[in-house]
Every structure is written in structure tokens, then in C-alpha cells.
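> One structure coming up, written as C-alpha cells, with questions to follow.
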Amino acid sequence: MTALPDAAFLEDLTLTCWPALMTVHRDGWLIRLSGGHTGRSNSVNVTAPGREPTADKIAFAESVYAAHGLPPLFRVTPLSPPDMPALLERAGYHAFDTSSVQVLGTLPDDAADPAVTVERAPTTTFRDAYARIRSVPAHEIGPMRAILEAIPMPALYVSLAEGGRIVATAMTVVDRGWAGLFKVAVAPDSRGRGLGRRVTLAALAAAAPLGARGSYLQVASDNAPALALYAGLGFREVYTYTYFRKG
């Protein structure tokens, strides 16, 4: 089994494997902007303690997002300064979403699923299927495509079709021996039949030849079906993070 990584290493992996289209660096903070598609690519992420007062950096981040026409969003992780949640609440923010970051130290030894398609590029077919399954807003389609095309590390795009229609997707990005799982989605009318498990296993199996020995993912803490799926595969929580926004 691969030694399990800590929060700092997992944050480093995620920030590399799921890029932002623009990033402002400020004293250990990454202010990420990507046209609104996904919280990870449109939020403040802390990577180092820094020296400037937290309140000053909050105000600076707000000015950056305002200049780009985006709502300010802060992602609070174990790397964030201890006073950050209280200062955000004092400034009118509230916590609205918590996710669990989980790891799997050894990839499953399942054979590749012959019904699943694995591609090395984010094709239009894959993008359109994911956007349909997850009802991605029209204004986020362009940023989503740009993010996928900007991924700097080896990536694999997995889809499962039934009757000529893609009903499940997943993707993985491999870096430093770890396969990050993203875009796992199953069409609402096809859920409850194990399709999420199949595309997840296929993604992990395809990542092994690229040097992956373990895997990590982020999943909403209130997504009971997904939590059950990942627990059944052996994933275990390392830490959680929470988004803060105004309104």
C-alpha cells in the first residue's frame, strides 16, 4: 500500500491537476478565476501561512473577484489561517458546502470494463455528455472546456454508453503516483444500477499504466450514494474543506 498523503500534499495535487484559467498569487493565497465553473477553480485557496493580516487578504481577494465579475468564494481547508472562518463570518460570509477529501492507498485490481470507453483527450462527446448529465449552465461550458484543455498532467476521460447515449462519466489525472478522480457523474434516470462504480473502477484501472499507485477524490459530505460507493471501494477521509460565500 502507498503511504497515505497529508492535506498539504493533497492540496498540491489538486491545485495542479484541476487548474484555474487565471491565478493571482498573494502571500500564500491563490485567488483562482475560471469563469465560474467549479468551486475549486473559482475560489481562494491557501497554500502557505503568509505574513500579511488575513483580513487584508480577504479584502484584496474580494477586489479581484469584483474586477472580474465573479462572486468572491473562499475555500477553507486545514491549511487556512485559524482566524479565517471567523473573519469571513464577520464580513458577511457563511459556510454553504463541505466536502470530504478521501484517499485510496492501493488501486483496485479489477479488469478493465469492455463496455467503457477511455480516451486521452477531452473530446466534444465527453464534454457534452458530462454537461448534459450534470446540467452544466450554458455560460460555464466554455470555461469547463478551457479547464479540461489546460490540465497539464496525463489525464484520462471515461464514459459508459447505453443505447448509443452516454449515461455515466469519470475522469482521472495522474501526478506523482496518485490518480485524482474528477467528473464522476451518472444520468439521473440511470442511477442505482452501479454505473458510477463501473466508470470509477475503469478510470482507476486505466490510470495504473500511467504510474498511479493510489487515488484521491473530493466528494460532497452530504452525497450519501457517492460516499457509500467510495467507502465500498476502500476510500478513507483525510480531511474536509468548506466553502464560504456571501448572500
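> Filter segment 130-163 down to the residues that are among the hydrophobic types (A, V, I, L, M, F, W, C), over 14 Å from the mean Cα position of the chain (by Cα) and not in a loop (DSSP other than H, G, I, E, B) and list them by number.
Our first condition is that a residue be among the hydrophobic types (A, V, I, L, M, F, W, C); within segment 130-163, this holds for 131, 133, 136, 138, 141, 144, 146-148, 150-151, 153, 155-156, 158, 160-161.
Narrowing the set further to residues that are over 14 Å from the mean Cα position of the chain (by Cα) leaves 131, 133, 136, 138, 141, 146, 150, 153, 156, 158, 160-161.
Listed by number, the residues that qualify are A131, I133, A138, I141, A146, A150, L156, V158, L160, A161.
> Which condition breaks for V219 when tested against (1) of a type outside the set (D, E, K, R); (2) under 16 Å from Y130 (Cβ atoms); (3) assigned to a strand (DSSP E or B)?
Here V219 meets the rest and fails (2).
> Against the definition (of a type outside the set (A, V, I, L, M, F, W, C) and either under 14 Å from S41 (Cβ atoms) or without any contact (Cβ under 8 Å) to a residue 12 or more places away in the chain (or both)), how does D175 come out, yes or no? Before you say what the answer is, go through the steps one by one.
Values: of a type outside the set (A, V, I, L, M, F, W, C): yes; either under 14 Å from S41 (Cβ atoms) or without any contact (Cβ under 8 Å) to a residue 12 or more places away in the chain (or both): no.
The answer is no for D175.
> Could you check L88 against (1) surrounded by fewer than 19 Cβ atoms within 10 Å (Cβ to Cβ); (2) over 22 Å from the mean Cα position of the chain (by Cα) and say which number it fails?
(1)
> Residue check: is G214 in the same structural domain as A170 (by TED's automatic domain parsing) and surrounded by 18 or more Cβ atoms within 10 Å (Cβ to Cβ)?
Details: in the same structural domain as A170 (by TED's automatic domain parsing): yes; surrounded by 18 or more Cβ atoms within 10 Å (Cβ to Cβ): yes.
Spelling it out, G214 is indeed in the same structural domain as A170 (by TED's automatic domain parsing) and surrounded by 18 or more Cβ atoms within 10 Å (Cβ to Cβ).
> Report yes if R193 is on the phi < 0 side of the Ramachandran plot, free of Cβ contacts under 8 Å to residues at least 24 places away in the same chain and charged (D, E, K, R), otherwise no.
Numbers: on the phi < 0 side of the Ramachandran plot: yes; free of Cβ contacts under 8 Å to residues at least 24 places away in the same chain: yes; charged (D, E, K, R): yes.
Yes; evaluated as a whole, the condition is true for this residue.
> Output yes when any residue across segment 58-79 is under 18 Å from the mean Cα position of the chain (by Cα), closer than 25 Å to A205 by Cβ, in a strand (DSSP E or B) and not small (G, A, S), and no when none is. If you could, list the steps in order and put the result at the bottom.
Filtering segment 58-79 for residues under 18 Å from the mean Cα position of the chain (by Cα) gives 73-79.
From what is left, the residues that are closer than 25 Å to A205 by Cβ are none.
For segment 58-79, residues under 18 Å from the mean Cα position of the chain (by Cα), closer than 25 Å to A205 by Cβ, in a strand (DSSP E or B) and not small (G, A, S): absent.
> A further question on this structure: How many residues are touching a helix residue (DSSP H, G or I) at 6+ places or on another chain (Cβ under 9 Å), hydrophobic (A, V, I, L, M, F, W, C) and part of a helix (DSSP H, G or I) if we restrict to segment 197-214? Give the steps one after another, and end with the answer.
The first filter runs over segment 197-214 and keeps only residues touching a helix residue (DSSP H, G or I) at 6+ places or on another chain (Cβ under 9 Å), leaving 197, 200-201, 204, 212.
Add one more test, that the residue is hydrophobic (A, V, I, L, M, F, W, C), and what stays is 201, 204, 212.
Checking the rest, the ones that are also part of a helix (DSSP H, G or I) come to 201, 204.
Looking only at that region, the number is 2.
> Quick test of your reading of the structure: T117 fulfils all but one of (1) within 19 Å of the chain's Cα centre (by Cα); (2) surrounded by 12 or more Cβ atoms within 10 Å (Cβ to Cβ). Name the failing condition by number.
Among (1) within 19 Å of the chain's Cα centre (by Cα); (2) surrounded by 12 or more Cβ atoms within 10 Å (Cβ to Cβ), the lone unmet condition for T117 is (1).
> Looking at the structure I just gave you, is M144 farther than 25 Å from L104 by Cβ and crowded, with 23+ Cβ neighbours inside 10 Å?
Numbers: farther than 25 Å from L104 by Cβ: yes; crowded, with 23+ Cβ neighbours inside 10 Å: yes.
Against the criterion (farther than 25 Å from L104 by Cβ and crowded, with 23+ Cβ neighbours inside 10 Å), M144 qualifies.
> Among the residues of segment 217-241, write down those that are of a type in the set (A, V, I, L, M, F, W, C) and either buried (at least 18 other Cβ atoms within 10 Å of the Cβ) or in contact (Cβ under 8 Å) with a residue 24 or more places away in the chain (or both).
Selection gives L217, V219, A220, A226, L227, L229, L233, F235, V238.
> So, in segment 170-196, of the ones that are surrounded by fewer than 20 Cβ atoms within 10 Å (Cβ to Cβ) and of a type in the set (K, R), which residue ends up nearest to I151 (Cα to Cα)?
Among them, the one singled out is R176.
> Of all residues in segment 164-182, which are part of a strand (DSSP E or B) and either within 17 Å of D113 (Cβ to Cβ) or out of contact with any helix residue (DSSP H, G or I) (no Cβ under 7 Å at 6 or more places or on another chain) (or both)? Break it down stepwise before answering.
Looking only at segment 164-182, we keep the residues that are part of a strand (DSSP E or B), and these are 165-175, 178-182.
Once the filter is applied, which keeps residues that are part of a strand (DSSP E or B) and either within 17 Å of D113 (Cβ to Cβ) or out of contact with any helix residue (DSSP H, G or I) (no Cβ under 7 Å at 6 or more places or on another chain) (or both), segment 164-182 yields R165, I166, V167, A168, T169, A170, M171, T172, A179, L181, F182.
> Somewhere in segment 7-24, is a residue touching a helix residue (DSSP H, G or I) at 6+ places or on another chain (Cβ under 7 Å) and surrounded by fewer than 19 Cβ atoms within 10 Å (Cβ to Cβ)?
yes
> Let me ask something additional. Report, by residue number, each residue of segment 28-49 that is closer than 20 Å to L13 by Cα, part of a loop (DSSP other than H, G, I, E, B) and of a type in the set (G, A, S).
Here is the first cut: in segment 28-49, the ones closer than 20 Å to L13 by Cα are 28-34, 37-49.
Narrowing the set further to residues that are part of a loop (DSSP other than H, G, I, E, B) leaves 28, 34, 37-39, 43, 47-49.
If the condition is that a residue be closer than 20 Å to L13 by Cα, part of a loop (DSSP other than H, G, I, E, B) and of a type in the set (G, A, S), then G28, S34, G39, S43, A48 are the ones that fit.
> Of all residues in segment 111-135, how many are closer than 10 Å to M171 by Cα and touching a helix residue (DSSP H, G or I) at 6+ places or on another chain (Cβ under 6 Å)?
Residues in segment 111-135 being closer than 10 Å to M171 by Cα and touching a helix residue (DSSP H, G or I) at 6+ places or on another chain (Cβ under 6 Å): 2 in total.
The values are calculated or read from the model by the stated rules, or taken from the named source; none is laboratory data. In this text, all values refer to a predicted model and were calculated from it rather than measured experimentally. Glycine also receives a Cβ, built like all others from the backbone with ideal geometry; neighbour counts cover every protein chain displayed.
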